[in-house]
Amino acid sequence: MTTIEEAPRLEETTLGPKAGGLYRRQNIFTGLGFGIFLGFVGWLTAHAFLQSSNWGTDMVVTVTMVGWVVGFNVGVGTFNAPIRWLLGHDQSYEDELYAAGVGQGSKRYYKFCTDHKVVGTQYLVLVMVMFAIGGTLAMMMRTQLITSHSSFLSPDSYNAIVSIHGMLMIIATIIMVSGPFANFIMPIMVGAKDMAFPRLNAMSFWVIASALPPMLATFVLGGVDAGWTTYAPLSIQAPAAMDAFSMTMITFVVSVTVSGVNTIVTVLTMRAKGMTLGRLPIFVWGSVVGSALSIYAMPALLLGFTSMVSDRVTGTSFFVAAGGGTGWLWENIFWIFGHPEVYIILIPPVAAMMEVASTFARKPLFGYKITIAGFVAVGMLSIMVWAHHMFTTGWAPDLAGPFMLTTELISIPTGIIFLCLIGTLWKGRIWTRLPMYFVYLFLWNFIIGGVTGIYLSDVPADQYFHGDMFVTAHFHYTLLGGAMIAATAALCYWFPKVTGKMLNERVGKVSFWMIAIGIQATYFGQFWEGFQGMPRRVAYYDPIFLHANQLTSVGAYLLMAGWLVLLYAMIHSVRNGSIAPANPWHSKTLEWMVPTPVPLVNFLVDPVVTSDPYGYGEEGSEGYVSSHSPPARSEDELVPLLSSDYPISGGDR
Amino acid sequence: MMRTKAPSSFSQRVDQLRRSPAFFFKSRPIGLEVSHLANLKGVTTPDHDHHLGRIRSVFNARRGVTRRVLVLPLLVLTAFALGGCQLPTFGGFRGATTQAKTESTLWSQMVILGVGVSAIVFVLIVWAVFRYRRRDENHIPRQFSENTLLEIVYTLIPCVLVGVIFYATVIAENQIDAVVGKPAEIINVTAYRWGWSFSYASSTGVSQNVLVQTAAEPKALAQSALSSEYPQLVLPAHQTVRIVLQSTDVIHGFYIPAFNFSRYAQPGVVNTFDFTTLGTGIYRGQCAQYCGLYHAEMLFSVQVVPQGTFADWLKSHQA
Ligand SMILES: [Cu+2]
Ligand SMILES: [Cu+2]
């Protein structure tokens, strides 16, 4: 074994007093300040010059929101480097080190920071904030629905809450894995020192962070009175909140597109030596397919919402029947985004969970290639199914058959992925730690979500269930019971690497059971409502639905409480948990080969990959990484990485 | 399958529909532009038996292999279908129209199939969870990662299942979508924020127009759709009626759970469909597409009454 000189630990470098330039003075607060300032300037300008015209309030709100988004990002430093470049001053090496967070301790988490691990952590916090808000909104809805004609909420605030709960959760689930884990973990998995475009990476975070306040501002702007799908022409007539909402969506598209491109380029160009495409861990494949899908789907959303803003502000009539437009156009555009979106949400967490399954079963992923083919097939098919959301609209009846067929065909690759997951567990030696609990919960929930999805793809059944609570129950089973639970498995799995502490499993298991039972009660209740024909998005209902609704509400409270217990477990563990070893699960993928906390450039020694990522305990195998294995934290932990007689006993540290 | 030129008249369009490959749904012409509405009367469309025959022949024409693969599961489904009315509905409605009964039977068959498949997968999971949990820390499981035969098998099985479901659905949907030449009654249903109006335009020009008081506090309204506070759609029993559905403002959903049916009422669009009623009864109806403030209060009831009563009712409401 040759000795290799370690790269210097960059985070210990001392930087000159001028390194970083403007970045030295910027953080989230300058962002807030400048965002509010520019928003105000926008409001003032629009008020002074534009309000007298026909364009009115919608124009004022739109300009204000544009001012806010641009101002916030200027203030936080998103555009520093390109602007300096335009002015003829390139970033110096020291500037780049400063931007990567060198010498700023925990302050770097509040700044525009190009280190992918910081960005990943920022995303994680943002996602949790979004879930907290979305969950609170859900609790308000369930409280309203605990009796049939409750006066807890007025119908207009109930409707506004329904809309924002929907879209906020959709955005949060889209970024819940591709944000935190595709940023923090994925580059290390492929053996990269950072993402391909670190500045764009930081930009994707701060842009989406700036999209959240306009979304919450909708509550004071009259509420989004149109549901999360914002069907035209209802959305064209909605209050000014709709303009802020559109701006959120447009900003969100920018963020997701940027991060999608970044992920794909990173995987294509930044892989370590020996990391062929056939040796990429499955999560990397999942991230790539998810990103490719979002690059396909997001332009449709952008097109839709810019046309929407145009209809509302400037009086065009893309979606207004009276002006020659049609609501069908919006429905098509929205679902051309909206169905791939389901798989943008689903594929990365499922792929992440397959890493979990393989690690804890101590077996290679079953059907690696067919799983990848499955992801690709799901992605391709998912762009050809959008009109199954339009079976009851009367649009293109001749196409109902073909769209039903493509939708049903999706169940084939999905089923294959599902069975590969079971095949991975099959005849394994399953080490049942907390992440595995969530894998099991996923399997259960996804059977229900998947099968009810097939029913909904079926035209006659869809005409029965479209627009009623059955649909709500179905997609919550897939997106919450499926994707979010898979993401939770991934969170528990990577928690030691991200935070450096072990997650408290005893509290974690309490939360698991609350979540598991809460989901079943909540959404079985909603299926029951659906069978009886209770429509979605209603603030009042016929008393015959009372018992089902009470079951749902109680289940939802339990579910929310379960999430809060998990949050408590996480915060408690970060504060007081035991220090995590570099590789607590004895996994074979690269992220576990680097020390915890992960150094700035991840690998102090360049890794060389010599085999597939899942070679658990093969006799005489070299393992995943060659003798150039990067040093883990201690000699003692190095042994399992370098020798072939793994696994060693006493894994339960 | 692609249309070469836009149909210039409604009858031409129907013709084209007739010519389009029957492998997919031969839907009735729903969602025509408003201008076609005038041509609606007197349209004849082939009855559903005709569709059925065509679809079967398409299937028969396909390779024998396809047929053989489909036969066994189909036999199982047919066995269920023959006992049609006896199938459990799994919480759904039995169906108060001929079309709804077809849907209900299909639904029951699919639930049986779905529960069956899920049960098998579930047993596999439970087996894996308990049988393969770690007992001995040092035991290394066999490191297999492929089984080509197995992978092929579990790709083929879902293909067959999809084929079966698709075939069964095409048949059912053609029955549900079929429109008759001469409906007993044509009812114009107009949805608006927040109410429904039903006018019996075809025969006697009766117009029934019941408003929900939009200004009223919702709590002041009755709690059930069956209450007389809400509009009532009166239909004759054992007759085929045609609904011509429109909206004056935003999208609404015309939803009658007991008919297992919903359809959008969308501005600029006219959707038409038939119900063939069975016995008498009263059913809940409601808007199923979110339409703003009082969406939850956009209720109506459907009353299927004997034909004689219906005739009297029509007379008494004649303008
Ligand atoms: Cu979809
Ligand atoms: Cu409505």
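The values are calculated or read from the model by the stated rules, or taken from the named source; none is laboratory data. Keep in mind that this is a model prediction, so the values were computed, not measured. Using ideal geometry, Cβ is built from the backbone for each residue, glycine included, and neighbour counts are taken over all protein chains shown. Heads up: the accessible areas ignore ligands, DNA and RNA and are worked out on the full protein's heavy atoms, side chains in. Shrake-Rupley method; radii C 1.70, N 1.55, O 1.52, S 1.80 Å.
Please go through the residue pairs A:K273/A:K509; A:K193/A:K509; A:K111/A:K193; A:K18/A:K193 and name each one whose alpha carbons sit more than 32 Å apart in this structure. A:K273/A:K509; A:K193/A:K509, as the Cα separations exceed 32 Å there. Taking the 1.4 Å solvent-accessible surface of the range B:130-197 as the whole, the part contributed by carbon and sulfur is 59%.
Dividing the helix sum by the residues of chain A, where each DSSP H run of 4 or more adds -39500 (n - 2.57), gives a mean residue ellipticity at 222 nm of -20500 deg cm²/dmol. Remark: the range A:11-19, residue by residue, has Karplus-estimated 3J(HN,Hα) of 5, 8, 5, 9, 9, x, x, 9, 4 Hz, where x stands for each Gly or Pro and the curve is 6.51 cos²θ - 1.76 cosθ + 1.60 at θ = phi - 60°. Averaging the Cα positions of each part gives two centres, and for the range A:169-224 and the range A:406-457 these lie 27 Å apart.
Rolling a 1.4 Å probe over the heavy atoms of the protein chains gives chain A an accessible area of 33 Å² per residue. Burial here means at least 50 square angstrom less accessible surface with every protein chain in place than with the chain by itself, probed at 1.4 Å; in the range B:253-280 the buried residues are B:Y255, B:S262, B:Y264, B:Q266.
Which of the residues in the range A:208-232 show a loss of at least 30 Å² in accessible area from their chain by itself to the complete set of protein chains, at a probe of 1.4 Å? Buried by the other chains: A:D225, A:Y231. Under 5 Å between amide hydrogens, built in the peptide plane, is the criterion, and for B:F261 it picks out B:I256 among residues at least 5 positions away or on other chains.
Residues within the reach of a label modelled at A:L277 (point 7 angstrom out along Cα to beta-carbon, backbone nitrogen below 17 Å), restricted to the range A:362-400, are A:368-380.
The modelled label-to-label distance between A:L87 and B:A119, using points 7 Å beyond Cα along the C-beta direction, is 7.3 nm.
How large a share of the accessible area of chain A, in percent, is made up of carbon and sulfur atoms when the probe is 1.4 Å and the other protein chains stay in place? That share works out to 69 percent.
How big is the A-B contact in terms of buried accessible area, both chains counted, 1.4 Å probe, rounded to the nearest 100 Å²?
Working: alone 25220 and 18480 Å², together 35830 Å².
For A against B, buried area totals roughly 7900 Å².
Residues A:W328, A:W444, A:W494, sorted by accessible area with the largest first, give A:W444, A:W328, A:W494 [1.4 Å probe; ligands and nucleic acids excluded].
Among the residues of the range B:284-311, those with an accessible-area drop of 20 Å² or more from chain alone to full protein complex, heavy atoms and 1.4 Å probe, are B:R284, B:Q286, B:A288, B:Q289, B:Y290, B:L293, B:H295, B:A296, B:E297. Under a 5 Å amide H cut-off, with hydrogens placed 1.01 Å from N, B:V234 pairs with B:Q303 among residues at least 5 apart or on other chains. Annotation: amide H-H contacts under 5 Å for B:V244 (H modelled 1.01 Å from N, sequence separation of 5 or more, or interchain): B:I187, B:N188, B:V189. Here the range A:61-120 was treated as a single set of alpha-carbon atoms; its pair distances binned every 5 Å from 0 give 4, 17, 20, 22, 17, 11, 6, 2, 0 percent.
3J(HN,Hα) along the range A:358-366: 5, 4, 7, 7, 6, 9, x, 4, 7 Hz, from the Karplus curve 6.51 cos²θ - 1.76 cosθ + 1.60 with θ = phi - 60°, whole Hz, x for Gly and Pro.
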